[in-house]
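The values are calculated or read from the model by the stated rules, or taken from the named source; none is laboratory data. Just so you know, these numbers come straight off a predicted model, no measurement behind them. For neighbour counting, all protein chains shown are included, and Cβ atoms are generated from backbone atoms with ideal geometry for every residue, glycine included. Side chains included, ligands, DNA and RNA excluded: accessible areas come from the protein's heavy atoms. Shrake-Rupley method; radii C 1.70, N 1.55, O 1.52, S 1.80 Å.
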Amino acid sequence: MHALAEARSLVSKARRIAVLTGAGISSESGIPTFRDAMTGLWSRFSPEDLATPEAFARDPRTVWQWYAWRRELVERAQPNAGHAALVELERRTKRFALITQNVDGLHARAGSRHVIELHGNILRTRCAREGRILEESAMRPGSPPTCAACGSHARPDVVWFGERLSPESLSLAGEAARGCDLFLSIGTSALVEPAASLPLEALGAGAALIEVNPQPTPLSRHATLVLAGAAGEVLPRLVGPA
Ligand code: OAD
């Protein structure tokens with residue numbers, strides 16, 4: 001049976017679905033994937049040079065401006081057909097968990113109700129010292145702005161290289177992976193831990209694994225089915241009409 005037809009049958013039979021998405025699902029919304037994110041203005045930097053606590057301590061202005069550039073890109077972007085297909089799948093599935101590594105907030109904007117944002121959200125800003133989320137009114141302008149309460153730098157509410165993920169998000173994601181009967185890995189290179197272990201935990205717990213990615217990844221050989229294509233094309237066909 002053709003892989004897509006087989007995948008559709010797995011989706012229709014599944015009662016508990018967990019989904020992990022990566023930058024690939026947002027690439028059709030015009031947001032470069034993490035690896036390509038350095039095109040244009042920022043091509044002379046690598047993410048490791050910018051998305052780290054050390055880089056922020058060393059040069060808060062450049063790190064803040066890079067995130068301001070990415071935030072601008074995200075605010076101009078629209079969710080695409082891939083995001084929309086996952087909203088429909090959530091509506092139709094009794095137990096559904098959407099886990100994302102993306103910080104662009106596009107799943108929520110598409111209408112996904114319960115999104116586990118493993119790496120945070122670029123549209124949120126927090127006090128670098130106190131950790132609490134800062135609204136505009138709680139900051140003094142600057143690049144980066146400063147926390148009006150304690151004077152420390154404000155920083156994007158995202159996970160940087162070398163930083164811990166929120167234990168709560170991680171345990172929710174782990175539970176979803178171990179408790180599903182179908183796991184979809186979409187648009188991720190499956191390289192960065194701990195997210196990369198989630199599909200393997202699902203397999204270990206007896207779930208079927210479908211990967212959606214135009215390129216092979218280290219996960220491909222473990223997958224029950226690989227749908228080699230763009231999420232914006234494959235997901236609407238996988239999920240079917242609303
Ligand atoms: P990557 O840039 O590592 O991988 C993007 C994946 O999406 C690749 O495997 C592409 O083949 C695939 N892809 C590209 N276009 C696609 C499309 N239209 N449809 C489906 N797939 C497509 O991004 P992530 O795997 O998300 O972490 O990277 C994981 C983490 O690495 C990021 O969250 C970030 C980075 O370090 C932090 O910032 C902590």
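Residue-by-condition table, conditions (1) hydroxyl-bearing (S, T, Y); (2) touching a Leu at 6+ places or on another chain (Cβ under 8 Å); (3) under 18 Å from G82 (Cβ atoms):
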position	(1), (2), (3)
P199	no, yes, yes
G206	no, no, no
E211	no, yes, yes
T224	yes, yes, no
A231	no, no, yes
P236	no, no, yes
A242	no, no, yes
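Of the set (1) outside the structural domain of P236 (by TED's automatic domain parsing); (2) within 16 Å of the ligand (Cβ to nearest atom), all apply to G105 but (1). When you check T100 against the structure, is it within 14 Å of the ligand (Cβ to nearest atom), under 24 Å from A228 (Cβ atoms), among the polar types (S, T, N, Q) and open to solvent by less than 10 Å² (accessible area, probe 1.4 Å), yes or no? For T100, the condition - within 14 Å of the ligand (Cβ to nearest atom), under 24 Å from A228 (Cβ atoms), among the polar types (S, T, N, Q) and open to solvent by less than 10 Å² (accessible area, probe 1.4 Å) - is met. G162 passes every criterion in (1) near the ligand (Cβ under 10 Å from one of its atoms); (2) open to solvent by less than 30 Å² (accessible area, probe 1.4 Å); (3) in contact with a helix residue (DSSP H, G or I) (Cβ under 7 Å, 6 or more places away or on another chain); (4) in contact (Cβ under 8 Å) with a residue 40 or more places away in the chain apart from (2). In this structure, does A208 turn out to be open to solvent by 10 Å² or more (accessible area, probe 1.4 Å), within 20 Å of A3 (Cβ to Cβ), in contact (Cβ under 8 Å) with a residue 12 or more places away in the chain and away from the ligand (no atom under 15 Å from the Cβ)? When the stated conditions are applied, A208 passes them. Is it true that some residue in the stretch 173-195 is open to solvent by 50 Å² or more (accessible area, probe 1.4 Å), more than 15 Å from R221 (Cα to Cα), part of a loop (DSSP other than H, G, I, E, B) and in the same structural domain as H83 (by TED's automatic domain parsing)? Yes: the stretch 173-195 contains one or more residues that are open to solvent by 50 Å² or more (accessible area, probe 1.4 Å), more than 15 Å from R221 (Cα to Cα), part of a loop (DSSP other than H, G, I, E, B) and in the same structural domain as H83 (by TED's automatic domain parsing).
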